[in-house]
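*Asks:* Starting off with a structure, shown below.
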Amino acid sequence: MKKVGYIFDEHLLLTCNRLPVIRERASVVQDLIDSYELLFCENITAYSSVKATEEELKEFHSSAYIEFLKNSNDKEDLELLEEEAGEFGLTYDCHLLEKNYEFVQVIAGGSLTAANLLIKECCDIAINWFGGWHHSQRDAAEGFCYVNDVVLAIQRLYKKYNRILYIDLDVHHGNGVQNAFEFSKKILTLSFHKWAPGFYPGSGNVEDSGSGRGKYYSVNVPICEGTNDVTYYRLFNEIFPRILQRFQPLAVVVQCGADVINGDPIGQCNLTPKGMERCIKDVLKCDLPTLFLGGGGYNFENTARYWCYLTSVIVNVPLENDIPSVSEYFTNYGPSYEIDISPGNRKDHNTEEHINNVLSIILENINAIDIE
């Protein structure tokens, strides 16, 4: 069996709980995983996170951004810093937090710890559901993301694995990660995401395929409102194997944002954990060092269902459909009290024309990939 490393400690959980838009979500997720006793499986080991250092944060983020976070960390009146904070994206959806520097150290540390486990071959697969903050830019917070732990983890993995495939399954385009590796032939970013006028972040159209030496190494798969399991896997099954064959990655990083699952108030898609399972199993069949990360997810109970279910898929232990009554949040899972999430009745707006157009452009671009 594959050895699985699971990143978890109370400080990481409580730090993740601090983020206003997902306050206490981490506790709901971890509680369900604990209720199913998944961390007692023989092939999974829990590892405590190690906080990221200033030097590690600056491996991607600008010195100016990190210095501002450091200098504001112990300030009592954050309102006095609003004007300067705005220069670093710390406004609107990323308001400056108390102890913001310590927050980014802890969040980034979880994914760096996971990457280190893979590098040292302590495990074959690493999981950090507290990570996956894919929107943060080099010098600014963005989209609820104060630090780009995904980029930092990929950069760490690159020290051993010099071709890395990043797969983004969040409902939003992984713009921060793509921007970081826009010109690289060594990191291929593959993002499946909803793309529509006015839908955040507004990037990731199918024609957006990278720049310079990195041309064709950014693959964007725009999906429409109401995407269901059949449509999603059709696209994944056509694209992923071709990239695998052409790019031949040595390691994989997968961001599993739960906002793509039915019931999310932002995502407005019709996908289910069982539908996404097919994608995850295809990734596992590659038998490569793999890092699984969390991400968005604004229906907390469905996020917990999804990541708990994916954990069971990764450790290859089936779950009882009835949620264990020992869960602290058991009453939140009504009226079904089941881990299964049914597809909704929302119309799938992906037309045959749209699907064929997307596949035509992407498959042609994939054929242009030439590894060195």
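*Asks:* For the full complex of protein chains and a 1.4 angstrom probe, list I239, I361, I266 by accessible area with the highest value first.
*Replies:* On the way: I239 0, I361 40, I266 60 Å².
The ordering from most to least exposed comes out as I266, I361, I239.
*Asks:* Separate question: Pop a pseudo-label 7 angstrom from the Cα along the beta-carbon direction at both K285 and I266 and give the gap in nm to one decimal.
*Replies:* Result: 3.2 nm between the two label points.
*Asks:* Using modelled backbone amide H atoms (1.01 Å from N, in-plane), which distant-in-sequence or interchain residues come within less than 5 Å of Q137's amide H?
*Replies:* E142
*Asks:* Here's something else I'd like to know. Which one of W129, V177, N316 has its Cα pushed farthest toward the positive end of the charge dipole of the chain, where Lys and Arg give +1 and Asp and Glu give -1 at the Cβ?
*Replies:* So the residue we want is N316.
*Asks:* I want to check the label-to-label distance for E328 and N367. Put each point 7 Å from Cα in the C-beta direction and report it in nm to one decimal.
*Replies:* Distance between the two pseudo-spin positions: 5.5 nm.
*Asks:* Residue by residue, what Karplus-based ³J(HN,Hα) values in Hz, rounded to whole numbers, does segment 310-324 have, using 6.51, -1.76 and 1.60 with θ = phi - 60° and x for Gly and Pro?
*Replies:* 5, 4, 5, 5, 5, 8, 6, 10, x, 10, 5, 5, 6, 5, x
*Asks:* May I pose another question? In a Gaussian network model over the chain where Cα atoms closer than 10 Å are linked, find which of L96, L112, L293 has the largest mean-square fluctuation.
*Replies:* Evaluated over the chain, the most mobile residue of the options is L96.
*Asks:* Spelling out what I want: for every residue of segment 172-178, take phi, set θ = phi - 60°, compute 6.51 cos²θ - 1.76 cosθ + 1.60 (Karplus), and round to whole Hz; glycine and proline get x.
*Replies:* My calculation for segment 172-178 gives 9, 4, x, 5, x, 6, 4 Hz in order.
*Asks:* With every protein chain left in place, what is the accessible area of R138 in Å² (1.4 Å probe, nearest 10)?
*Replies:* 130
*Asks:* From the phi angles alone, apply the Karplus equation (6.51, -1.76, 1.60; θ = phi - 60°) to segment 93-102 and give each ³J(HN,Hα) in whole Hz, x where the residue is Gly or Pro.
*Replies:* 8, 9, 4, 4, 9, 5, 6, 5, 5, 4
*Asks:* Calculate I(q)/I(0) for the chain by the Debye formula, one identical point scatterer on each C-alpha and no solvent, and give its log10 at q = 0.06 Å⁻¹ to two decimals.
*Replies:* Scattering profile of the chain, log10 relative to I(0): -0.20.
*Asks:* How much FRET efficiency would the formula 1/(1 + (r/R0)^6) give for C122 and N205, where r is the Cβ-Cβ distance and R0 is 56 Å, rounded to 0.05?
*Replies:* On the way: r = 39 Å, r/R0 = 0.70.
Calculated value: 0.90.
*Asks:* Which value at 222 nm does the chain reach when only helices count, each DSSP H run of 4 or more adding -39,500 (n - 2.57), with the total divided by all residues and rounded to the nearest 500 deg cm²/dmol?
*Replies:* Rounded to the nearest 500, it is -11000 deg cm²/dmol.
*Asks:* Still on this structure, I have one more. How big, on average over all directions, is the shadow cast by the Cα convex hull of segment 189-305, in nm²? Provide the component values of the computation, followed by the final result.
*Replies:* Values: hull surface 30.0 nm².
Result: a mean projected hull area of 7.5 nm².
*Asks:* Next up: Taking only protein heavy atoms and a 1.4 Å probe, what accessible area per residue, in Å², does the chain have with all protein chains in place?
*Replies:* Values: 15100 Å² over 372 residues.
Per residue, the chain has an accessible area of 41 Å².
*Asks:* Tell me the carbon and sulfur percent of the accessible area for segment 298-372, rounded to whole percent, probe radius 1.4 Å.
*Replies:* Values: 1800 of 4050 Å².
With neighbouring chains kept in place, the figure for segment 298-372 is 45 percent.
*Asks:* Assuming R0 = 41 Å, what is the FRET efficiency of K58 and A196, from their Cβ-Cβ distance, to the nearest 0.05? Don't jump to the answer; show the numbers that get you there.
*Replies:* Values: r = 36 Å, r/R0 = 0.87.
Once the sixth-power term is evaluated, E becomes 0.70.
*Asks:* Does segment 266-372 come out rounded, prolate or oblate by the C-alpha gyration tensor, with a ≥ b ≥ c the root eigenvalues, rounded set by a/c under 1.5 and, if not, prolate when a/b is larger than b/c and oblate if not?
*Replies:* Working: a/c = 2.82, a/b = 1.56, b/c = 1.80.
Here segment 266-372 falls in the oblate category.
*Asks:* About the Cα centre of the chain, how large is the charge dipole given +1 on each Lys and Arg Cβ and -1 on each Asp and Glu Cβ? Please answer in debye to the nearest 20.
*Replies:* Numbers: 31 positive and 53 negative charges, 295 e Å.
Result for the chain is approximately 1420 debye, rounded to the nearest 20.
*Asks:* Tell me which residues come under 5 Å, amide H to amide H, from H193 once H is placed; ignore anything under 5 positions away on its chain.
*Replies:* V221, I223
*Asks:* Related question: For segment 1-125, which whole percent of the accessible surface, found with a 1.4 angstrom probe, sits on carbon and sulfur atoms? If you can, show how the numbers build up before the last one.
*Replies:* On the way: 2890 of 5960 Å².
Summing carbon and sulfur atoms, their accessible area is 49 percent of the total for segment 1-125.
*Asks:* May I pose another question? Enumerate the amide H contacts of G295 below 5 Å, restricted to partners 5 or more residues apart or on another chain; note that Pro and chain-start residues carry no placed amide H.
*Replies:* Long-range HN contacts for G295: A258.
*Asks:* Something else now. Which of the peptides 30-39, 276-285 is most tightly packed, and how do the rest follow, judged by the mean count of other Cβ atoms within 10 Å per residue? If you can, show how the numbers build up before the last one.
*Replies:* Numbers: 30-39: 19.3, 276-285: 17.1.
Ranking the peptides 30-39, 276-285 by packing returns 30-39, 276-285.
The values are calculated or read from the model by the stated rules, or taken from the named source; none is laboratory data. Please read all numbers here as calculations on a predicted model, not as lab measurements. We place every Cβ from the backbone using ideal geometry, glycine too, and count neighbours over all the protein chains shown. We work out accessible area using only protein heavy atoms, side chains counted, and drop any ligands, DNA or RNA first. Shrake-Rupley method; radii C 1.70, N 1.55, O 1.52, S 1.80 Å.
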